[in-house]
Structure formats: C-alpha cells, structure tokens
1. By a straight-distance test (C-alpha under 27 Å), which lysines pair with Lys211 as possible cross-link partners, with residues fewer than eight away in the same chain excluded?
2. Per residue, how much accessible area does the chain show when a 1.4 Å probe rolls over the protein heavy atoms, in square angstrom?
3. Under a Cβ-Cβ cut-off of 14 Å, what is the net charge of the residues other than Val294 that fall near it, where Lys and Arg count +1 and Asp and Glu count -1?
4. Find the relative contact order for region 20-175 and round it to a whole percent, using C-alpha pairs within less than 8 Å whose residues are 6+ positions apart.
5. Mean residue ellipticity at 222 nm from the helices of the chain, using -39,500 (n - 2.57) per DSSP H segment of n ≥ 4 over the full residue count, to the nearest 500 deg cm²/dmol?
6. Within straight cross-link reach of Lys212, meaning Cα distance under 19 Å, which aspartates and glutamates are found once same-chain residues fewer than 8 apart are removed?
7. If I fit a long axis through the Cα atoms of helix 18-34 and take the longest principal axis of the Cα atoms of the chain, what angle between them do I get, 0 to 90°, rounded to 10?
8. Residues with amide H under 5 Å of Trp163's amide H, sequence separation 5 or more or different chain, H placed in the peptide plane at 1.01 Å from N; which?
Amino acid sequence: MIPLSILDLSPITEGSDAAQSFRNSLSLAQHGEKHGYTRYWLAEHHGMPGIASAATAVLLSYVGAGTSTIRIGAGGVMLPNHSPLVIAEQFGTLASLYPGRVDLGLGRAPGSDQRTARALRRNLESDSDQFPQDVMELMDFMSKDPQQAVRAVPGEGLEVPLWILGSSTFGAQLAAHLGLPYAFASHFAPQQLMQAIQIYRETFKPSAQLKKPHVMLGFNVFAADTDAEADFRATSWQQAFVNLRSGRPGRLPPPVENYRQKVGPAENALLDSVLSCSAVGSVDTVKKGVEAFVARTGADELMITSQVFDHAARLRSYELLAGVFGQTAK
C-alpha cells in the first residue's frame with residue numbers, strides 16, 4: 001500500500017476553544033507517528049471560526065516538539081499572504097529545530113475571504129498571479145547558493161523540501177515545470193482531479209529535489225467499527241462543509257442522525273461531489289473505497305483528513321485505517 005499521511009485543520013468544535021484544538025492536534029500527530037503515518041501537515045486558513053491553524057508555523061513548532069519521527073509540514077502555506085523571506089525564515093527555523101522532518105507545501109489561494117486577505121496583507125498588491133515568482137524567490141532563499149542580496153537566516157542552505165498544492169490545473173503545471181511533488185486538494189475540490197494529474201505527469205521535468213513525478217491526493221476517511229457509526233460521525237464534516245459553502249462558516253458541529261435526509265437537493269449534490277474522494281464506513285468498506293480511489297488515480301501517497309467531532313473517535317478512525325493497510329511505525 002502507498003504511504004498514508006495526515007492533514008489537520010486543528011478543528012474547533014462547538015463548545016470548545018482553540019487551546020483544546022491545539023492539544024488535540026498534538027495528540028493526533030503523536031497518534032499518527034505511533035501508527036506509521038508518513039507526514040502530519042497543517043493547513044493555513046484565516047478568519048474561520050472552526051479552524052485554529054492560522055499561525056501554521058507556530059503550531060508546527062509545538063507539534064514538532066511533541067513528536068520525534070513523523071514529518072511535519074504545511075499543507076499548505078498560502079504564499080500570497082506572506083513575504084517569501086518570512087516563510088523562508090519560519091521554515092528555516094523549523095528545519096533547524098527538527099532537521100530532516102520538515103516539509104513546506106505552498107498554495108496560491110488566500111485561505112480566506114477578500115476582507116480577511118486585506119487585513120492580513122494591509123493591501124492586495126501581492127496577488128495569486130505572482131505565485132510562480134514567489135515560489136522561485138522562496139526556493140532561492142533556502143538554496144545553498146542564493147542569488148539575492150538579502151539572506152534568510154535561518155533558512156539559507158537548508159533546502160526544505162517544497163510541494164506545490166492545488167485544486168486546479170494551474171498548480172499541476174507549475175509543479176511539473178519546477179520538478180516538485182504535487183498535492184491535489186481532492187478532499188474538498190475534486191472537479192479537476194484527473195485532468196490535473198495527467199498534466200502533471202505528462203509535463204514533469206526532473207529536478208534536484210525530485211527525479212520522477214510524485215502525486216499526493218487529499219482523501220476523506222471516516223472509519224469506525226460499523227458502517228452506521230461511521231455514517232453518523234461523518235455528519236459533522238458534512239454539516240460544516242454545507243455551512244461553509246452556504247456562507248455560514250462555524251465551529252465543527254456534533255453529529256446528527258440522518259443529516260442528508262434533512263437537507264435539500266442542492267446540498268446533497270454538493271456532498272455527492274466531495275464524497276467522490278471519501279471513504280465512510282467499517283474497515284471493510286473503507287478498505288474498498290481507498291483501494292478503488294488509488295486504482296482510479298494512481299496516487300503515490302494519500303493525505304488523509306477526518307473531521308470528526310469526538311476526538312477519541314477521530315483517533316480511532318486513523319488507527320483503523322492504518323491497521324487495515326498495514327502501516328508500520330517508523
């Protein structure tokens with residue numbers, strides 16, 4: 001079986017707070033390390049009531065201090081929100097603290113709405129069209145022979161492995177051109193998945209970092225002891241996803257019985273789309289779903305996300321998935 005990794009949004013559940021979310025994130029990373037997951041990544045989002053991972057590098061430092069072998073990284077840093085120098089310094093710091101364990105995934109979306117993006121940057125002059133140039137600048141800052149007069153300290157010479165993230169063909173083209181691994185956000189935006197994979201693989205140019213294409217795909221897993229329990233647990237994520245797409249973002253709600261029977265055709269169509277890159281059920285059901293997805297896409301690695309309200313049930317889901325595919329602790 002291909003490697004499995006963990007994507008965490010450090011969800012804030014209803015009735016809880018960010019401090020508890022951070023403790024849960026560390027617990028999840030430690031759990032993933034114990035059960036042989038390759039990476040633990042955090043995603044950058046801003047102004048979202050249910051997501052606590054806004055200060056991604058800071059939270060990764062906390063997770064790194066509480067783990068020892070699992071790779072930690074960003075999935076990803078939204079580069080238009082930041083100066084490439086600042087990110088080089090932040091991830092140079094992480095790589096100095098946790099050598100050989102740090103990844104840096106880069107995305108061009110703001111990870112927020114326009115008002116939040118303006119508050120982050122104070123203006124909107126740094127836009128997504130500059131993303132390729134920003135990536136090249138960041139690569140140079142962390143190279144062994146940077147060409148810029150300004151130096152990233154720490155950062156220079158550390159060559160933190162870069163990934164390009166995306167949910168369209170743009171990221172696929174850039175990752176292929178630069179010879180970088182590519183992570184596709186199929187767990188929430190699967191529409192251009194197969195086209196992006198094809199473009200990336202067919203146009204990939206080998207680089208010093210990567211000799212052949214490497215595709216990692218986002219995939220939702222809700223595993224439990226029975227199909228019925230897994231279906232119930234998955235309703236928290238379903239509610240949150242519908243609320244977000246309806247312009248009502250909030251904290252991760254508790255699960256409810258028969259949620260999909262309570263929403264209309266538009267909401268169910270939305271969920272059908274995202275569920276095309278999901279496996280919900282018992283061990284046998286999840287095994288079949290994951291195997292079918294890998295066979296369809298030829299993924300080299302899966303980045304598993306599981307937005308479950310109850311933390312113990314979330315850990316159990318990751319444990320069941322690791323067990324069925326024989327992951328072994330590093």
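The values are calculated or read from the model by the stated rules, or taken from the named source; none is laboratory data. Computed from a predicted structure; not experimentally measured. Using ideal geometry, Cβ is built from the backbone for each residue, glycine included, and neighbour counts are taken over all protein chains shown. With ligands, DNA and RNA removed, areas are computed over all heavy atoms of the protein, side chains included. Shrake-Rupley method; radii C 1.70, N 1.55, O 1.52, S 1.80 Å.
1. Within the straight-line cut-off, Lys211 pairs with Lys144, Lys330.
2. Accessible area per residue, the chain: 42 Å².
3. Its environment carries a net charge of 0.
4. Working: 250 pairs, mean separation 35.4, N = 156.
Over region 20-175, the number comes to 23 percent.
5. Helix contribution divided over all residues of the chain: -13500 deg cm²/dmol.
6. Straight-distance partners of Lys212: Asp103, Glu159, Glu202, Asp300, Glu301.
7. 90
8. Placed amide hydrogens put Leu104, Gly105, Leu106 under 5 Å from Trp163.
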